[in-house]
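Notes follow the structure.
The values are calculated or read from the model by the stated rules, or taken from the named source; none is laboratory data. Being a predicted model, the structure only gives us computed values, none of them experimental. Heads up, the Cβs are rebuilt from the backbone with ideal geometry, glycines too, and the neighbour counts pull from every protein chain shown.
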Amino acid sequence: MLILSRKPGESIVIDGRITVKIMRLEGDVVRVGIEAPQSVPVHRQEVYDEIQKNNQEALNQTLGQLPRLTAKAEPSAPRTARSSIPHARP
Amino acid sequence: MNNLLTAPVERQAANGASLIQLPCGLLGFERVKNYILLTRPAEEPFLRLQMVEEPKRSFLVVPPHFVIADYRPDLSELDVAFLELEDPSEAIVLNIVTIRAGAQPTVNLKGPIVVNRRTLIGKQVIPINAAEYAIRHPLALS
């Protein structure tokens, strides 16, 4: 593992396209800013590990055990901030 | 089948399958980017997300409105831009189902798969409000 010392305001560049910046220290918490291309997934390690583990468990479920389901609601769309939708502005 | 899923399915209605691209892959399966979304009448409302290169490997998925009444994942600006969603109605949301021996099936509400029905490009996203949702939400049988 490469270990670097950084001060608040200093950055690390990875692969020429991902910038990790130490924003500030708050007690034992380090605030980190990350700039990366949209196609590069960035997650907290714990969330990533949990979902990755669940995905691996979910691979190849056997058929024949499918429970019966009825709709609990009408289909609904996810929330997307209006201002963030490309081409949405006049 | 509900109307959230009809649009892509109609494109390849003959075999009930749609080609879906996940450029980032699924978490833990980052290298697998091409999937077929299979609908089989006997399995509705469940669908299969099958790897194109490895047809024996697939995930069971379900539209979330069959799981809970009020599911509103809040997509980040980056995910909206990545998915090129011009309107929320373009999004198809699918959640991965896990069936474990001797245990109640669960649904991952924390990391939904969102697919743009216009481009058929999708991503397993972690919504901004992911903390509100469980990764192993019990699937209530009806």
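Every listed requirement among (1) at the interface with another protein chain (Cβ under 9 Å from one of its Cβ atoms); (2) touching a residue at least 24 places away in the same chain (Cβ under 8 Å); (3) under 30 Å from A:Glu35 (Cα atoms); (4) of a type outside the set (Gly, Ala, Ser) is met by B:Pro45 save one, (3).
Among residues of region A:6-22 that are under 13 Å from A:Pro37 (Cα atoms), those with a Cβ under 8 angstrom from a residue that is of a type in the set (A, V, I, L, M, F, W, C) and assigned to a loop (DSSP other than H, G, I, E, B), sequence gap 6+ or separate chain, pair up as A:Arg17/A:Ala36; A:Arg17/A:Val40; A:Ile18/A:Ala36; A:Ile18/A:Val40; A:Thr19/A:Ala36. If you take the residues in region B:123-139 that are within 15 Å of B:Ile68 (Cβ to Cβ) and touching a residue at least 60 places away in the same chain (Cβ under 8 Å), which one is nearest to the other protein chains (Cβ to nearest Cβ)? Ranking the qualifying residues of region B:123-139, first place goes to B:Leu139. Of the residues making up region A:52-74, those that are at pLDDT 80 or above and touching a helix residue (DSSP H, G or I) at 6+ places or on another chain (Cβ under 9 Å) are A:Leu69, A:Thr70, A:Ala71, A:Lys72, A:Ala73, A:Glu74. Residues in region B:101-122 that are within 9 Å of chain A (Cβ to nearest Cβ) and part of a strand (DSSP E or B) were compared, and the one that is farthest from B:Lys33 (Cα to Cα) is B:Thr106. The conditions of being surrounded by 17 or more Cβ atoms within 10 Å (Cβ to Cβ), of a type in the set (Lys, Arg) and at pLDDT 90 or above are met by B:Arg48.
The rows are residues; the columns are (1) hydroxyl-bearing (Ser, Thr, Tyr); (2) within 15 Å of the chain's Cα centre (by Cα); (3) at pLDDT below 95; (4) assigned to a loop (DSSP other than H, G, I, E, B).
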position	(1), (2), (3), (4)
B:Pro55	no, no, yes, yes
B:Ala69	no, no, yes, yes
B:Val80	no, no, yes, no
B:Glu86	no, no, yes, yes
B:Val93	no, yes, no, no
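Can you tell me which residues in region A:75-84 are of a type outside the set (D, E, K, R) and at pLDDT below 85? A:Pro75, A:Ser76, A:Ala77, A:Thr80, A:Ala81, A:Ser83, A:Ser84, listed by residue number. Scanning region B:59-87 for residues that are over 11 Å from A:Ala77 (Cα atoms) and among the charged types (D, E, K, R), we see that the one that is nearest to the other protein chains (Cβ to nearest Cβ) is B:Glu77.
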